[in-house]
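Scroll down for the structure; my scribbles are underneath it.
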Amino acid sequence: GLNGLSICWAICAAIAMAIIALSLQDMAVFRLLLLLIGASIGILFWNFPLGKIFLGDAGAYTLGHVLAWIALLLMNRHPEISPLSLLLIFLWPITDMLLSMLRRKRSGKPIGQPDRLHFHQTVMRLLEIQFFTRSRRNLTNPLGTLIILPMAIAPMVLAVVFKTQTGAAFIAFWGFVALFAVAYRWALRRGGQAANRTSRKFEQS
């Protein structure tokens, strides 16, 4: 939905796992992740900020699938790694997906039905309504990515720190899930309030 968001997330996830692999002296997995990072950077050059090319569903699913299998490979080769620490790396897409499924189920819609209420779409609309007098998608789209990335990267940092500490990773995981939910509700509420203010100003004019 946002230029560079999925590719930047994938690059950061691969970097986090590469650091873990390197710390465990697993050079085979480390080199594999370096190849993935290099290929992703090549796509990013054309995808961000202008979005000249896109991963599409096939590209995004393939990238996520490969990263997930590398995470499983790391756990299989190094039993001392906490599964929850690797789950922290994937927290952002997992939480967004589960929240979307819950949101649709509560509204009586099929959980697989697409909508425009994902976190990144909410952030982009909030930027357009709150800070710009008219829609400037070519600016708010990449700006939304820059706002979201630090929030997506933060759990990855703790994943590296707590790579063998299941208890700490457990606390960090649920803490970030709670922060995600709070941030999403705030962005949704602020976006609605800003849209109402804009509508009233338009009616008055």
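Throughout, read-outs are computed from the coordinates displayed, never taken from laboratory work. Given the structure is predicted, the values throughout are model-derived calculations rather than measurements. Positions of Cβ are generated from backbone atoms using ideal geometry, with glycine treated the same way; all protein chains shown enter the neighbour counts.
A few comments on the model shown:
- Residue match in the range 153-164 (condition: of a type in the set (S, T, N, Q) and assigned to a helix (DSSP H, G or I)): no
- Failed condition for THR145, given (1) buried (at least 17 other Cβ atoms within 10 Å of the Cβ); (2) free of Cβ contacts under 8 Å to residues at least 24 places away in the same chain: (2)
- Total residues in the range 1-21 satisfying the condition of being closer than 23 Å to PRO150 by Cβ and either over 17 Å from the mean Cα position of the chain (by Cα) or aliphatic (A, V, I, L, M) (or both): the figure is 13.
- Residue within the range 77-86 that is basic (Lys, Arg) and either in contact with a Lys or Arg (Cβ under 9 Å, 6 or more places away or on another chain) or farther than 28 Å from ILE171 by Cβ (or both) present: no
- Failed item, numbered, when THR122 is tested on (1) among the polar types (S, T, N, Q); (2) surrounded by 21 or more Cβ atoms within 10 Å (Cβ to Cβ); (3) closer than 21 Å to LEU50 by Cβ: (3)
- Of all the listed residues (ILE41, ILE15), the sole one being assigned to a helix (DSSP H, G or I), loosely packed, with under 15 Cβ neighbours inside 10 Å and in contact (Cβ under 8 Å) with a residue 12 or more places away in the chain is ILE41.
- All conditions in (1) closer than 17 Å to GLY1 by Cα; (2) not in a helix (DSSP H, G or I) hold for LEU139, with the sole exception of (2).
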